[in-house]
Amino acid sequence: MGGHIEQNENLCQSDAASYLTHREKLPDIVDAIIQGCEQHTCHHHIAFEPIPSKEAVTEIIDRFRAILFPGYFTREKLDPVNLKYSMGQTVSVLYDLLAEQICRSLRHDCFRYGREDLACRDCQGMAHEMALKVLQSVPAIQQVMTKDVAAAYDGDPAAKSYDEIIFSYPGIFAIWVCRIAHRLNELAVPFLPRIMTEHAHSLTGIDIHPGAKIGERFVIDHGTGVVIGETTEIGHNVRIYQGVTLGALSLPKNAGEQLRGKKRHPTIEDDVIIYAGATILGGDTVIGRRSVIGGNVWITESIPPDTKVLTEAPKLIYR
Amino acid sequence: MGGHIEQNENLCQSDAASYLTHREKLPDIVDAIIQGCEQHTCHHHIAFEPIPSKEAVTEIIDRFRAILFPGYFTREKLDPVNLKYSMGQTVSVLYDLLAEQICRSLRHDCFRYGREDLACRDCQGMAHEMALKVLQSVPAIQQVMTKDVAAAYDGDPAAKSYDEIIFSYPGIFAIWVCRIAHRLNELAVPFLPRIMTEHAHSLTGIDIHPGAKIGERFVIDHGTGVVIGETTEIGHNVRIYQGVTLGALSLPKNAGEQLRGKKRHPTIEDDVIIYAGATILGGDTVIGRRSVIGGNVWITESIPPDTKVLTEAPKLIYR
Amino acid sequence: MGGHIEQNENLCQSDAASYLTHREKLPDIVDAIIQGCEQHTCHHHIAFEPIPSKEAVTEIIDRFRAILFPGYFTREKLDPVNLKYSMGQTVSVLYDLLAEQICRSLRHDCFRYGREDLACRDCQGMAHEMALKVLQSVPAIQQVMTKDVAAAYDGDPAAKSYDEIIFSYPGIFAIWVCRIAHRLNELAVPFLPRIMTEHAHSLTGIDIHPGAKIGERFVIDHGTGVVIGETTEIGHNVRIYQGVTLGALSLPKNAGEQLRGKKRHPTIEDDVIIYAGATILGGDTVIGRRSVIGGNVWITESIPPDTKVLTEAPKLIYR
């Protein structure tokens, strides 16, 4: 940090004494923080086993993108000559990153639940197995993504090309991250899937829980403010717009424990369109095939197939 | 990646055999992915010409910011002595970055449309020309931005100073990125404008299509969830709040092709205020001068000038 | 930038002449930009004293996170052996970073208001004092954060563990950044608090002004689109969902100056729940204890305690 101190000196040549006086109080602060941690008045993870790393998860997402859409997001161009070398190296690096983070996640859960009977080796072996399974599902996810991209193009007059969609549409990013995270979630990997989807949420404003089941040709347009809950089921060829919530009904207080794992979010059947700001709530709510839900509509009951649901426009007052 | 492997070893000394067994399956995965690409079940860009780079576009945006607001966002301070050197160097670097990315965008479009008759030289020359034109419009955009900043300050009691607005207001960031992207869009540069505005969308939650025409003294307050469509026209001195949509009416299925290029989004005349969550839809919808659109209002028809539009408040139920 | 030029050459061997012709026009652009700055048609900060740095603020936020949740976000793992060394070093570095940015902020304000009578030394000394005070409040903020995390877990059936919440919930991030920024705001540090909360806004879509007063066990679920204004007061054990606005009533034009500093945003008492998309406006509006505000409700008047407020559902039209 020499640079910083130098800048301080530039800014103000004097005051070395004041600086020292203040700095001398830092050890007390450090002790107070550590004491707090020891008395459980702070959340900490001070332990000998390493914990999943947010930075590593970000790198995992970047590497997955390079593999899912070859040539679009690699720093070096990909051509027919270097394709196999570049792809091979990326898959290899990704495998190691993924296995390590899965292992850390499993390990952390072991300790948390006092499963210290599980040898470290078990977590490691399971992590290798799971990382391999996720990578083996990449070609299938690529196939689905080609359909998602085509669906995004078909319904959006502002889209100029598939490439523009792949490069810049936040909906596509949120969807593929969710498809990978969903696979990890199926394998019961803790932490990692949610860290991945929340990373996508941060970049796109689209909040999809990795538990959600999502069909092919899924489109999210604009996307900011979309929330899709853990037990949502979405069929094929569904299109939703910004600010759509597929959520749970209001909860009794401290509902956390009672409802954990129950179906709380709606089911959206094939070929449904849901316009901006619509809210659809409840685990028993089913939106039937080919129905269209208008903007800002608030739905807590099932809608039959082939129905168009609009809100009676509230009277406007002109002054 | 030596570090990672080492960490794996730290975590779990054993299991070299399991690690090897699993890793040996990676080449099959690589082959499956490559085979998928060859059979067009994935989107890829495997070609000898380079493709636009998202990272370069991010750097372009950072450099534009350093030029548009001199001294605010440069790593080294800018003073009267080094101003010309620093500005000259930033403009020079930005010119090269911009020309290269424009060239790649044009080149990519040439290949996509089979325009291989166009010599590489044409794209290169056009790119130089276009990069220069965009940079030449910087002083005019700076003038407009001083008005945007002043307008943001005038209407926001929480703003403490112009500097706070320049440093931290997401609306200002989204607006200037859009003004630059709009200029690139006018020059018919593909990809780049949309990648730029989607980068701003990611950072701000404000989604402005680079095609939108926007007047002076434009203010977006808070901003998350704002959507402004491709063919929107906005006059001078307009102020909008978070969650406002200036969008298209609901589309017939597969409307993408039919409506591409048509006016689909509203026109907002001078001195209009649009409060949070209002939705204004349709290419024929005109909001007349000095009108005020209340929060959450849903409008699909034109509003005359000097009108205040509110939604009749829905009855509240108290329990 | 040798690399870039090389790439240009790869792309297109010819055209050195055209490149040169275009580049020779850059100095005119530089001169035009500088001239604009001199004529005050651009916002610039060309001065001998350094200005706060957005990058440094980002680093400050990262370091605070490492201290507030020890072991979760550090690159190296934290264990009982290295805890004190690692924590000590992070606090020490953070202190220097923070003091420097506070000093720059104060200094900048001095110049802006022509307070050049204040010796540089005063800003420096005040900055040391303020940085120390903020760090001294860390253990108290950690205690509050343990309650916030527990409250997030209690009410969210999708949360799998406290660790998942700490790692990935955007609400937790936005809240702790705001708690730190609020402390800086209490000390009347300019710029810095707002740059911090706007950084969190960018990453989470949650826009909390550092002036807002927020009680313990505060939960923001999903969070995208939440806006909490400067003079909002929030009691203990309050839970809000995505898209909730706690804002000001519509403003007369140029209200900026008149209303600066006045109470313009609502008061939310203890144990209130506010569901997604609700809007509560006005400085005199008080939501009484234990009340529940339904989704999308629009409130501009006070609500008594123990009240459940719903919007009469608008009639749905089925076609």
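A few comments on the model shown:
- Listed by first and then second residue, the pairs linking a residue in the stretch A:261-277 that is closer than 19 Å to A:Gly211 by Cβ and free of Cβ contacts under 8 Å to residues at least 40 places away in the same chain to a residue that is of a type in the set (A, V, I, L, M, F, W, C) and surrounded by 21 or more Cβ atoms within 10 Å (Cβ to Cβ), with Cβ atoms under 6 Å apart and 6 or more places separating them unless they lie on different chains, are A:Arg264/A:Ala248; A:Pro266/A:Leu246; A:Pro266/A:Ile280; A:Ile268/A:Ile234; A:Ile268/A:Val238; A:Ile268/A:Ile287.
- The residue that is nearest to A:Gly247 (Cα to Cα), among those in the stretch C:156-167 that are among the small types (Gly, Ala, Ser) and surrounded by 19 or more Cβ atoms within 10 Å (Cβ to Cβ), is C:Ala158.
- Condition met for C:Ile293 (within 9 Å of chain B (Cβ to nearest Cβ), free of Cβ contacts under 8 Å to residues at least 24 places away in the same chain and out of contact with any Lys or Arg (no Cβ under 7 Å at 6 or more places or on another chain)): no
- Cβ separations smaller than 9 Å between residues 6+ apart or across chains give the following pairs from the stretch B:24-45 residues that are more than 7 Å from every other protein chain (Cβ to nearest Cβ) to residues that are polar (S, T, N, Q): B:Asp28/A:Gln136; B:Gln35/B:Thr41; B:His40/A:Thr146.
- The helices (runs of 4 or more DSSP H) found wholly in the stretch A:116-229 and carrying at least 3 residues that are in contact (Cβ under 8 Å) with a residue 40 or more places away in the chain and not hydrophobic (A, V, I, L, M, F, W, C) occupy A:138-154, A:170-186.
- Sole exception among (1) closer than 27 Å to A:Gln242 by Cβ; (2) buried (at least 23 other Cβ atoms within 10 Å of the Cβ); (3) within 14 Å of chain B (Cβ to nearest Cβ) for C:Leu249, by number: (2)
- Some residue of the stretch A:177-185 being in contact with a strand residue (DSSP E or B) (Cβ under 8 Å, 6 or more places away or on another chain), within 12 Å of chain B (Cβ to nearest Cβ), under 28 Å from B:Arg194 (Cα atoms) and among the hydrophobic types (A, V, I, L, M, F, W, C): no
- Only one of C:Thr224, C:Thr231 that is out of contact with any strand residue (DSSP E or B) (no Cβ under 8 Å at 6 or more places or on another chain) and at negative phi: C:Thr231
- Number of positions in the stretch B:296-319 that are within 31 Å of the chain's Cα centre (by Cα) and at the interface with chain C (Cβ under 8 Å from one of its Cβ atoms): 1
- When A:Gly211, A:Gly235, A:Gly223, A:Gly215 are screened for being over 17 Å from A:Val144 (Cα atoms) and out of contact with any Pro (no Cβ under 6 Å at 6 or more places or on another chain), only A:Gly211 passes.
- Those residues of the stretch A:49-74 which are more than 7 Å from chain B (Cβ to nearest Cβ) and free of Cβ contacts under 8 Å to residues at least 40 places away in the same chain, in sequence order: A:Glu55, A:Glu59, A:Asp62, A:Arg63, A:Ala66, A:Thr74
- Residue match in the stretch B:259-281 (condition: touching a Lys or Arg at 6+ places or on another chain (Cβ under 7 Å) and either among the polar types (S, T, N, Q) or over 23 Å from B:Val144 (Cβ atoms) (or both)): no
Residues checked against (1) surrounded by fewer than 18 Cβ atoms within 10 Å (Cβ to Cβ); (2) within 10 Å of chain B (Cβ to nearest Cβ); (3) modelled with pLDDT under 95; (4) more than 20 Å from A:His44 (Cα to Cα):
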| residue | (1), (2), (3), (4) |
| --- | --- |
| A:Arg107 | no, yes, yes, no |
| A:Phe111 | yes, no, yes, no |
| A:Leu118 | yes, no, yes, yes |
| A:Cys123 | no, yes, yes, yes |
| A:Ala127 | no, yes, yes, yes |
| A:Gln136 | yes, yes, no, yes |
| A:Met145 | no, yes, no, yes |
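Yes or no, residue by residue, for (1) of a type in the set (Asp, Glu); (2) farther than 30 Å from B:Lys308 by Cβ:
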position	(1), (2)
C:Asp148	yes, yes
C:Tyr153	no, yes
C:Ser168	no, yes
C:Ala174	no, yes
C:Phe218	no, yes
C:Thr231	no, no
C:Asn237	no, yes
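- Annotation: A:Ala313 fulfils all but one of (1) under 23 Å from B:Ile293 (Cβ atoms); (2) modelled with pLDDT of 95 or more; the unmet one is (2).
- Sub-7 Å Cβ pairs linking a first residue in the stretch B:79-100 that is within 9 Å of chain C (Cβ to nearest Cβ) and over 18 Å from B:Lys54 (Cβ atoms) to a second residue that is in a helix (DSSP H, G or I) and acidic (Asp, Glu), at least 6 apart or interchain, number zero.
Yes or no, residue by residue, for (1) under 24 Å from B:Tyr162 (Cα atoms); (2) surrounded by fewer than 23 Cβ atoms within 10 Å (Cβ to Cβ); (3) modelled with pLDDT under 95:
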position	(1), (2), (3)
C:Glu216	no, yes, no
C:Gly235	no, yes, no
C:Pro266	no, no, no
C:Asp270	no, yes, no
C:Ile280	no, no, no
C:Ile317	no, yes, yes
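- Of the criteria (1) closer than 22 Å to B:Pro193 by Cα; (2) under 9 Å from the mean Cα position of the chain (by Cα); (3) within 11 Å of chain C (Cβ to nearest Cβ), which one A:Ile195 fails: (1)
- C:Leu259 vs. criteria at the interface with another protein chain (Cβ under 9 Å from one of its Cβ atoms), among the hydrophobic types (A, V, I, L, M, F, W, C) and more than 27 Å from C:Gly155 (Cβ to Cβ): yes
- Residue match in the stretch C:202-209 (condition: surrounded by fewer than 23 Cβ atoms within 10 Å (Cβ to Cβ) and facing chain B (nearest Cβ under 7 Å)): yes
- Boolean, A:Thr285 is of a type in the set (S, T, N, Q), surrounded by 21 or more Cβ atoms within 10 Å (Cβ to Cβ) and without any contact (Cβ under 8 Å) to a residue 60 or more places away in the chain: no
- If you check B:Ile102, B:Ile29, B:Ile61 for being more than 25 Å from the chain's Cα centre (by Cα), closer than 25 Å to A:Val149 by Cβ and surrounded by 16 or more Cβ atoms within 10 Å (Cβ to Cβ), only one passes: B:Ile29.
- Matching residues, the stretch C:222-233, being more than 20 Å from B:Ile220 (Cα to Cα) and crowded, with 24+ Cβ neighbours inside 10 Å: C:His222, C:Thr232
- For A:Tyr241, the conditions (1) closer than 30 Å to B:Leu246 by Cβ; (2) facing another protein chain (nearest Cβ under 8 Å); (3) hydroxyl-bearing (Ser, Thr, Tyr) are fulfilled apart from (2).
The values are calculated or read from the model by the stated rules, or taken from the named source; none is laboratory data. Quick caveat, the model's predicted, so the values are computed rather than measured. As a convention, Cβ positions derive from the backbone with ideal geometry for all residues, glycine included, and neighbour counts pool all protein chains shown.
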